[in-house]
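Here's the structure we're looking at; comments come further down.
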Amino acid sequence: MQWGGRFAGGPSVIMQDINASIGFDRKLWRQDIRGSRAHAAMLATIGLLSAEDEDAIASGLEAIAQEIEAGRFAFDVALEDIHMNIEARLTERIGEAGKRLHTARSRNDQVATDFRLWVRDAIDGLTAQVSDVMLALAQRAAQHAGDPMPGFTHLQTAQPVTFGHHLLAYIEMLERDRGRLADCRRRLNACPLGSAALAGTSFPIDRAMTAAALGFDRPTANSLDAVSDRDFALEFLSAAAISAMHLSRLAEEIVIWCSAPYRFIRLSDAFTTGSSIMPQKRNPDAAELVRAKTGRVTGALVGLLTVMKGLPLAYAKDMQEDKEPVFDAAEAWALSLAATAGMVRDMVPDTARMRAFAGSGFATATDLADWLVRVLRLPFRSAHHVTGRLVALAEARGVDLADLTLAEMQAVEPGITDDVFSVLTVEASVASRTSYGGTAPANVAEQAARWLAVLA
């Protein structure tokens with residue numbers, strides 16, 4: 001028993017099971033070894049470890065890393081966590097020097113350091129994955145900068161946009177996701193090591209040295225805060241939940257676009273599955289699972305908020321429950337990002353079908369109203385009313401606005417001329433939206449090129 005002098009007996013089996021975290025916190029082994037090597041180097045620098053002991057610790061930790069990497073390390077649940085497992089194995093390998101490693105630190109600051117290192121590493125990997133999804137979207141946006149599709153509000157046809165413009169919208173969302181990750185990384189990048197259990201230590205340690213060795217910007221400024229807060233994990237989960245929500249929205253659209261009534265895109269066998277009973281089916285399961293994994297990521301955020309909400313300072317064992325939701329959410333998010341990038345690169349749009357749908361549902365009605373304002377100088381509310389009457393007339397006749405005769409239009413508004421028909425095509429509609437951020441093909445091509453330059 002590593003924490004034993006005070007206790008005469010051992011824990012019950014149930015206590016051992018609920019207390020042990022080695023089943024999941026073994027994921028921290030790389031970070032734990034990095035932290036221990038930095039701590040040992042600092043102890044040697046200030047004279048609390050001999051050079052021989054530091055060398056023995058460094059070589060012992062390297063050997064343990066190789067054992068774990070090769071799958072030869074025997075994790076012991078009786079040792080509770082990754083920190084005790086590594087320390088016990090180190091002492092077994094190098095003797096008394098291994099027992100000196102824990103001088104001037106506690107498991108409390110050790111785990112806080114390891115966890116920050118793990119989240120920081122996860123952020124770096126996930127940021128690269130977010131960037132890859134953005135690149136895939138930018139590539140497709142450039143290919144389809146001028147291909148019209150229906151733009152929706154309330155899932156009702158609203159105005160024509162281009163497929164490239166629609167895809168660029170998700171790049172903007174994902175860029176904000178990258179920004180949230182960068183903000184989270186910057187805020188978490190302070191080193192708890194040396195805060196000890198909660199009050200700091202009486203040893204003359206150099207916390208700035210260990211912080212620098214581990215790539216932190218600075219040591220944490222308050223020992224109580226350093227060991228007892230997990231807002232860095234919560235911020236990471238918040239960024240993950242928002243990004244997973246964005247991926248879920250795109251996944252939902254992919255599901256809709258693949259459906260028989262729409263058939264805007266087709267996914268290959270690489271990202272679809274079949275039915276056990278209906279041989280004709282091609283199910284967009286990858287998109288559906290991306291949509292579903294949002295629940296796991298959001299659940300992880302809510303779960304950890306609930307764990308932390310009532311904890312007094314400083315450390316409490318409740319905080320052992322901080323890691324599993326973060327590990328699970330990071331894995332679910334990473335898989336969702338990979339699947340999304342794959343689907344975006346895999347999908348084959350049916351541009352002709354999109355174009356046909358883009359003109360449905362009187363999608364150019366706003367263009368008609370704008371023409372009435374621009375050419376006839378009608379107040380917009382009056383133009384809106386005239387356009388509504390013309391839409392009602394076309395609907396009653398079962399035709400599109402462009403199929404009304406000039407005489408029918410003039411019966412509603414005498415000032416209308418033949419020129420009005422120039423704005424009632426889908427192509428004219430999208431081409432006219434030249435305001436910054438609008439769907440005009442030239443705008444879309446420019447934005448796609450900008451993103452490709454940024455992401456390449």
Exercise. Among the candidates 240, 208, 199, 260, single out the residue that is touching a residue at least 60 places away in the same chain (Cβ under 8 Å) and not aromatic (Phe, Trp, Tyr).
Key: 240
Exercise. Report yes if some residue within segment 437-453 is part of a helix (DSSP H, G or I), exposed (fewer than 13 other Cβ atoms within 10 Å of the Cβ) and hydrophobic (A, V, I, L, M, F, W, C); otherwise report no.
Key: yes
Quiz item: Restricting the search to segment 97-114, which residues are more than 11 Å from residue 198 (Cα to Cα), within 37 Å of the chain's Cα centre (by Cα) and open to solvent by 20 Å² or more (accessible area, probe 1.4 Å)?
Solution: 102
Self-check item: Residue list for segment 353-393, filter: under 33 Å from the mean Cα position of the chain (by Cα) and closer than 21 Å to residue 255 by Cβ
Solution: 353, 354, 357, 358
Quiz prompt | Residue tally, condition surrounded by 15 or more Cβ atoms within 10 Å (Cβ to Cβ), assigned to a loop (DSSP other than H, G, I, E, B) and of a type in the set (Gly, Ala, Ser), over segment 345-393 | solution = 3
Self-check item: Looking only at segment 394-425, and only at residues there that are β-branched (Val, Ile, Thr) and not in a helix (DSSP H, G or I), the one that is surrounded by the fewest Cβ atoms within 10 Å (Cβ to Cβ)
Solution: 405
Quiz item: What are the pairs, 6+ residues apart or on separate chains, where a residue within segment 413-439 that is touching a residue at least 12 places away in the same chain (Cβ under 8 Å) has its Cβ under 8 Å from a residue that is aromatic (Phe, Trp, Tyr)?
Solution: 419/371; 420/371; 423/371
Quiz item: If the Cβ limit is 8 Å and pairs must be 6+ apart or interchain, which residue in segment 373-387 that is touching a residue at least 40 places away in the same chain (Cβ under 8 Å) pairs with which residue that is of a type in the set (Val, Ile, Thr)?
Solution: 375/417; 375/420; 376/416
Quiz item: Of the residues that make up segment 127-148, is at least one open to solvent by less than 40 Å² (accessible area, probe 1.4 Å) and touching a His at 6+ places or on another chain (Cβ under 7 Å)?
Solution: no
Self-check item: Selection from segment 62-83 of residues that are surrounded by fewer than 21 Cβ atoms within 10 Å (Cβ to Cβ) and part of a helix (DSSP H, G or I)
Solution: 62, 63, 65, 66, 67, 68, 69, 70, 77, 78, 79
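The values are calculated or read from the model by the stated rules, or taken from the named source; none is laboratory data. Remember, predicted model here, so these are calculated numbers, not experimental data. Positions of Cβ are backbone-derived with ideal geometry, glycine not excepted, and every protein chain shown enters the neighbour counts. Protein only, heavy atoms only, side chains kept; ligands, DNA and RNA dropped before computing areas. Shrake-Rupley method; radii C 1.70, N 1.55, O 1.52, S 1.80 Å.
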